[in-house]
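Peer 1: Can you keep this structure in mind? I'll have questions shortly.
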2 protein chains.
Amino acid sequence: MRSYGQYCSVAKALDVVGDRWTLLIVRELLSRGPCRYTDLRSGLPGIATNLLADRLRELEAAGLVEREDAPPPVATTLFRLTDRGAELAPVIDALGRWGVPLMRDHRADDAFRGQWLRLPVRMFLADHEPDRPASSIQIHAGDQAVVIDADAGRVSLRLGADPDADATVTGPPPRILALLSGSLDLADAEEQGLRVAGSHEAIRRVLPRAGTAAGEPEVTP
Amino acid sequence: MRSYGQYCSVAKALDVVGDRWTLLIVRELLSRGPCRYTDLRSGLPGIATNLLADRLRELEAAGLVEREDAPPPVATTLFRLTDRGAELAPVIDALGRWGVPLMRDHRADDAFRGQWLRLPVRMFLADHEPDRPASSIQIHAGDQAVVIDADAGRVSLRLGADPDADATVTGPPPRILALLSGSLDLADAEEQGLRVAGSHEAIRRVLPRAGTAAGEPEVTP
DNA sequence: CCGGATCCGGGTTGATACTG
DNA sequence: CAGTATCAACCCGGATCCGG
C-alpha cells in the first residue's frame with residue numbers, strides 16, 4: 001500500500017493494515033488460530049487467491065504473520081499471528097462492535113462462517129451460573145455448525161457438531177445473532193424462525209440478561 | 001467500496017469505513033471538531049480533492065457525517081460527525097495505540113499537523129497535580145504550534161500560540177512525541193534536540209511518570 | 001488436494017487543471 | 001471556498017494454470 005506520508009500513529013497503522021482484506025485476514029487468524037492457506041481462503045469467501053498470497057507476504061514482511069512448516073504427520077504450512085499481530089485484537093474488537101448495528105441489513109447472498117460467531121459470543125454471552133456443571137449448546141446457523149460451551153464461568157465456542165450437547169438451536173444466521181445479542185427473547189424464538197430443542201436452561205445460562213451489560217448494541221432484525 | 005459480502009460485523013464495518021482515506025477523515029473530524037472543506041484538506045495532506053469530495057459524500061450517505069450551512073457571519077459549509085460517526089472513536093483510538101511503535105520510523109517527508117498530537121496527549125498525559133492553578137505549555141513541533149493545558153485534573157490541547165504559556169518546548173515532531181510518551185526524559189531533552197524554556201514543573205506536571213500507566217507503548221526514536 | 005503464480009479487464013486512486 | 005473534470009497509473013477481481 002502507498003504510505004499516507006503522515007507522521008500520525010493512526011496513519012502509520014493504516015499504512016500497514018489499511019489495505020483491502022488485510023484486517024479480515026487478521027480477524028480470521030485471531031478467531032481460528034494458526035491456519036492453512038486453504039482454511040484462510042474458505043474463511044475469507046470472495047478473496048482472490050493472488051490477493052491472499054500477496055497480503056500474507058506483506059503481513060509476513062511487516063512482522064504480523066509468520067509461516068511455520070508443520071511437522072511431518074500433516075506436512076503443510078501454517079500461518080499464524082505473531083505477538084505483534086495479535087495486538088490488533090482491540091482494533092478488530094472495536095470495528096466489530098461498531099459494526100453490530102449494521103448486521104440488520106443482511107443480504108441473501110452474504111456468506112457466513114461459524115467462526116465469525118466468536119466475536120459476538122465474547123461480546124454478548126456470559127456464564128451466569130458458573131457453579132453448575134459444564135453445559136453446551138449446539139448451534140446450526142445456516143449450514144454452519146458450532147458449539148457454545150459454558151464451564152466454570154467461561155463461555156467459549158468451537159466449530160463442528162456435538163451430539164451430546166444439552167440444547168440445540170437451528171435457524172438462519174441473523175436470527176441466531178439476534179438471539180445471542182439479546183434482542184430476540186428465547187420465548188419468542190420459535191415464532192421468529194428459530195428451532196429450539198433440549199434444555200432451555202442451558203441456553204438461558206449464557207444469554208445476556210436485562211441490566212447485565214448496559215449500553216450494549218443489539219441486533220434487531 | 002465493494003462490499004465484502006460477509007455476514008460479519010467486522011466485514012460490515014469495513015464495508016462502510018474500509019475505503020482508503022475514510023478513517024483518516026474521521027480522525028480529522030474527531031480531533032478538530034466541525035471543519036470546513038479546506039480545513040479538512042489541509043489536515044489530510046496528500047489527499048486528492050476529488051477523493052475528499054467523494055468520501056464526504058459517501059460518509060454523508062452512510063449517516064456518519066452531516067453538512068451544515070453555517071450562519072451568515074461566516075457563511076460557509078461545515079462538516080461534522082453525527083453521533084454514529086463519533087462512535088468510531090474507539091476504532092481510531094485502537095488503531096492509534098497499535099500504531100505508536102511505528103512512529104519510530106519517521107521519514108523526512110512525512111507531513112505533520114498539530115491536531116495529530118491530540119491522541120497522544122489523551123493517551124500519555126495526565127494532570128498529576130490537579131490542585132495547583134491551571135498551567136500551560138507551548139509546543140512548537142516542526143512548524144506547528146499547539147498549547148497543552150492542565151487544569152483541575154484535566155489535560156487538553158488547543159491549536160495555535162499562547163504568549164502567556166508557562167513553558168515552551170521546541171523541536172522536531174518525533175522528539176516532541178518521545179517526550180510526551182515518556183520515552184525521553186525531560187532532563188535529557190536538551191541533548192536530544194529539544195529546546196525547553198520556562199517552568200519545568202509545568203511540564204513535569206503532565207508528563208507520564210514511571211509506574212503510572214503500566215504497559216503503555218512508548219516512542220523511542 | 002495444497003499453495004500458490006500468471007495474465008488480463010475494469011474499477012479506483014492520484015495529480016493536476018479548472019470553475020462558479 | 002468548495003468543489004468538478006480529466007486522464008494516467010495502479011490495484012483489485014476473476015479465471016486459468018502449475019509444480020509438489
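Peer 1: Applying the selection to the stretch A:1-15, what residues are within 15 Å of DNA strand D (Cβ to nearest atom) and surrounded by 22 or more Cβ atoms within 10 Å (Cβ to Cβ)?
Peer 2: Matches in the stretch A:1-15: A:4, A:14.
Peer 1: Quick one: residue B:87 ticks every box in (1) surrounded by 13 or more Cβ atoms within 10 Å (Cβ to Cβ); (2) over 19 Å from residue A:6 (Cα atoms); (3) within 16 Å of DNA strand C (Cβ to nearest atom) except a single one, so which number is it?
Peer 2: Evaluating residue B:87 over (1) surrounded by 13 or more Cβ atoms within 10 Å (Cβ to Cβ); (2) over 19 Å from residue A:6 (Cα atoms); (3) within 16 Å of DNA strand C (Cβ to nearest atom) leaves (3) as the failure.
To keep it simple, each residue is scored yes or no on (1) buried (at least 17 other Cβ atoms within 10 Å of the Cβ); (2) within 14 Å of chain A (Cβ to nearest Cβ).
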site	(1), (2)
B:94	yes, yes
B:101	yes, yes
B:107	no, yes
B:110	yes, yes
B:113	yes, yes
B:119	yes, yes
B:123	yes, yes
B:132	no, no
B:135	yes, no
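Peer 1: Can you name the residue in the stretch B:39-53 that is near DNA strand C (Cβ under 9 Å from one of its atoms) and either within 15 Å of residue B:78 (Cβ to Cβ) or not β-branched (Val, Ile, Thr) (or both) and, of all such residues, is farthest from the other protein chains (Cβ to nearest Cβ)? Spell out the reasoning first.
Peer 2: Kept after step one, since they are near DNA strand C (Cβ under 9 Å from one of its atoms), are these residues of the stretch B:39-53: B:46-51.
After this cut, where a residue has to be either within 15 Å of residue B:78 (Cβ to Cβ) or not β-branched (Val, Ile, Thr) (or both) as well, the list is B:46, B:48, B:50-51.
On the way: B:46: 5, B:48: 12, B:50: 16, B:51: 12 Å.
Applying the filter and picking the extreme gives B:50.
Peer 1: Farther than 16 Å from residue B:118 by Cβ and of a type in the set (Ser, Thr, Tyr) - does that describe any residue in the stretch B:162-171?
Peer 2: Checked against the condition, which is being farther than 16 Å from residue B:118 by Cβ and of a type in the set (Ser, Thr, Tyr), the stretch B:162-171 yields at least one hit.
Peer 1: From the list B:209, B:158, pick out the single residue that is at pLDDT below 95, of a type outside the set (Ser, Thr, Tyr) and within 26 Å of residue B:94 (Cβ to Cβ).
Peer 2: B:209
Peer 1: Give me a count of the residues in the stretch A:54-72 that are in contact (Cβ under 8 Å) with a residue 24 or more places away in the chain and either within 12 Å of DNA strand C (Cβ to nearest atom) or outside the structural domain of residue A:17 (by TED's automatic domain parsing) (or both).
Peer 2: Final tally of qualifying residues: 6.
Peer 1: Among the residues of the stretch A:34-44, which ones are more than 12 Å from DNA strand D (Cβ to nearest atom) and either of a type in the set (S, T, N, Q) or under 14 Å from residue A:113 (Cβ atoms) (or both)?
Peer 2: Answer for the stretch A:34-44, where residues must be more than 12 Å from DNA strand D (Cβ to nearest atom) and either of a type in the set (S, T, N, Q) or under 14 Å from residue A:113 (Cβ atoms) (or both): A:35, A:39, A:40, A:42, A:43.
The values are calculated or read from the model by the stated rules, or taken from the named source; none is laboratory data. Quick caveat: nothing in here was measured; it's all calculated off a predicted structure. Reconstructed Cβ throughout: ideal geometry from the backbone, glycine too, with neighbour counts over all protein chains shown.
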